[in-house]
Amino acid sequence: MRKISVGILGATGMVGQNYISLLEGHPWFEVSYVAASPRSAGQKYKDAVKGRWHLTADMPAHLADLVVGDANDVSAAVGKCDFVFSALEMAKDEIRALENAYAAADIGVVSNASAHRGTVNVPMLITEINPHHLDLIPAQRAANGWKKGFVVVKPNCSIQSYMMPLFALQRAGFPVSRLIVSTMQAVSGAGYPGVPSLDMIDNVVPYIGGEEEKSESEPSKIFGRVEGGVIVNDTSIKISAHCNRVPVSDGHTACVSLEFAAKKPGIEEIIAIWEAFRSVPQELGLPSAPERPIIYRREEGRPQPNKDRDAGHGMAVSVGRLRPCPVFDIRFVGLSHNTNRGAAGGGILNAELLKARGCLG
Ligand SMILES: NC(=O)c1ccc[n+]([C@@H]2O[C@H](COP(=O)([O-])OP(=O)(O)OC[C@H]3O[C@@H](n4cnc5c(N)ncnc54)[C@H](OP(=O)(O)O)[C@@H]3O)[C@@H](O)[C@H]2O)c1
C-alpha cells in the first residue's frame, strides 16, 4: 500500500517534534513536508531544531536534511503532501485563516491549535467519544466551498485525563450533572522554552492563561450532537476547573469530583465500566489506538506521571483513587500524556480515523 504523504506545520516546535518522532515507521503515513516560521524556513530540519531537539529519541536520519518550508506559504505545500498536521503557535485569527487556506487548497488539516475549536462545523475529536462528528465533513466542505480539504481539531490537552472516564459512565447510563476538577499540568504543555525555570523549580503556578475557560467549555462541544450541518453543544454538565502548572516534565494529572444526575453506580461497578470500556478506534483496530483506553490502577498512590504517562504507548488514560465524595458522589484521579495522547498522538489517532472513514482520499 502506498503510504499517505503528511506535512507538519510547526514541525520545529514541541508538538511538531513529537509528530516527527511518532510518525516514524507509521504503517499508513509518512512525513514528506515540514514547515515552520519564516525564521526556520529555508534551513535543513536538523539545523532549524539545533539546540532545541527535546526528545530522548534521535531525530529520524532521513528527515534531518529535509528543507523547512514557510508554513504561511500554502502553495509550497501543494503537491508535497496529502494532508497536514497543524502544530502552529501564532495568533488565533492567523492560524484560523491559514488552516482554512490549506483546506481550500485541497489539503486537509488535523490541528492541535485552539483556533478552530469554537467553529460550529469543525469536529473537535476525542476519537473514542465523538467519532460520529466526522459526519460533518461534507457539510463543512459545502459551507466553505472546499472540495477535498477539511479542518478537524483536537481539544485541549488538560481535559484528556478525565473525558474518557466521564464518557464511559455517561454511555453506561449514568449521566453526570456537575464536576469540579483541579489539574496539575506538566511544563511541556507550555511548549519550548515554556515557563521560566525559576518560576517552576520548587514551585506550583496556579494559573495557565485560558486553560480553565477551555476546560469548562470544550466538553460541551465534544458531547454535542450533529444537527443541520453544525454541532449543537450539550450543556447538561456544569464544570468548574482549577488549572495549575507543576514541575513535571510530561503528563497532566487531574483530581475530579463529580455528581450524577440521577442513578448512582457503585464503586466496583464504575471500575468494571472503565475496565471494559472500548470504542470505535479499538473496533476499527486503528494503529495508534490503545488496546485498553482506560486503565484502572488499584494501588493507593497511583496514577503518577513518571510511572503511568506511557501506559498504552502514551495513549491510554490511567485512573485511580476512585472513592466516595462527601460533597458530590464520587472522586478520582486521572492522568494522561499531554504531548502524546494530549497532542501529537491524539492528532495521529484523529487522522487514522479520518483515513478509516474515507476522508483522506
Ligand atoms: N505542548 C502541548 O502539550 C500542546 C498540547 C495540545 C495543543 N498544543 C497546541 O499545539 C500548538 C503547538 O504547540 P507547541 O507547544 O509545539 O509550541 P512551540 O513549541 O512554541 O512551537 C510552535 C511552532 O509554531 C511555529 N511558528 C511560530 N510562529 C510562526 C509563524 N509566525 N509562522 C509560522 N510558524 C510559526 C514555530 O516555528 P519556529 O520554530 O520557526 O519558530 C514552531 O514550529 C499550539 O497551538 C498549542 O496550543 C500544545
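The values are calculated or read from the model by the stated rules, or taken from the named source; none is laboratory data. Every value quoted in this text rests on a predicted model; they were computed, and no experiment measured them. Every residue, glycine among them, receives a Cβ derived from its backbone with ideal geometry; neighbour counts consider all protein chains shown.
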Next item on the list: Among the residues of segment 26-45, count how many are under 26 Å from the mean Cα position of the chain (by Cα), away from the ligand (no atom under 11 Å from the Cβ) and either under 19 Å from Met14 (Cβ atoms) or without any contact (Cβ under 8 Å) to a residue 60 or more places away in the chain (or both).
Entry: 4
Note to self: Val49 - would you say it is away from the ligand (no atom under 11 Å from the Cβ), of a type in the set (A, V, I, L, M), crowded, with 20+ Cβ neighbours inside 10 Å and closer than 25 Å to His337 by Cβ?
What the structure shows: no
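Could you list, in sequence order, the residues of segment 145-188 that are among the small types (Gly, Ala, Ser) and in contact with a Lys or Arg (Cβ under 9 Å, 6 or more places away or on another chain)? Break it down stepwise before answering.
If we filter segment 145-188 for residues that are among the small types (Gly, Ala, Ser), which is where we start, we get 145, 149, 158, 161, 168, 172-173, 177, 182, 186, 188.
Those that are among the small types (Gly, Ala, Ser) and in contact with a Lys or Arg (Cβ under 9 Å, 6 or more places away or on another chain): Gly149, Ser158, Ser161, Gly173, Ser177, Ala186.
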Check: So which of Ala57, Ala87, Ala64, Ala71 is under 19 Å from Gln17 (Cβ atoms), modelled with pLDDT of 95 or more and more than 12 Å from the ligand (Cβ to nearest atom)?
Finding: Ala64
Next item on the list: Answer yes or no: is there a residue in segment 132-147 that is in a loop (DSSP other than H, G, I, E, B) and either among the hydrophobic types (A, V, I, L, M, F, W, C) or within 16 Å of the ligand (Cβ to nearest atom) (or both).
Entry: yes
Notebook entry, point to check: What is the one condition in (1) in a strand (DSSP E or B); (2) within 11 Å of the ligand (Cβ to nearest atom); (3) under 20 Å from Ser288 (Cβ atoms); (4) aliphatic (A, V, I, L, M) that Val6 does not satisfy?
Noted result: (2)
Next item on the list: Could you list all residues from segment 110-126 that are in a loop (DSSP other than H, G, I, E, B), surrounded by 21 or more Cβ atoms within 10 Å (Cβ to Cβ), within 12 Å of the ligand (Cβ to nearest atom) and touching a residue at least 40 places away in the same chain (Cβ under 8 Å)?
Entry: Asn112, Ala113
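Applying the selection to segment 279-314, what residues are basic (Lys, Arg) and surrounded by fewer than 21 Cβ atoms within 10 Å (Cβ to Cβ)?
Residues of segment 279-314 basic (Lys, Arg): 292, 297-298, 302, 307, 309.
Scanning segment 279-314 gives Arg292, Arg297, Arg298, Arg302, Lys307.
Which residue, of Asp58, Asp106, Asp65, is surrounded by fewer than 20 Cβ atoms within 10 Å (Cβ to Cβ), touching a Gly at 6+ places or on another chain (Cβ under 6 Å) and not in a helix (DSSP H, G or I)? Quick ask: steps written out before the conclusion?
Working: Asp58 fails: touching a Gly at 6+ places or on another chain (Cβ under 6 Å); Asp65 fails: touching a Gly at 6+ places or on another chain (Cβ under 6 Å).
One residue alone meets the criteria, Asp106.
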Item checked: From the options Ile8, Ile20, Ile95, residue that is surrounded by 15 or more Cβ atoms within 10 Å (Cβ to Cβ), under 19 Å from Ala344 (Cβ atoms) and without any contact (Cβ under 8 Å) to a residue 24 or more places away in the chain -> Ile95
Note to self: Being under 16 Å from the mean Cα position of the chain (by Cα) and within 16 Å of the ligand (Cβ to nearest atom) is the requirement here; does Gly189 meet it?
What the structure shows: yes
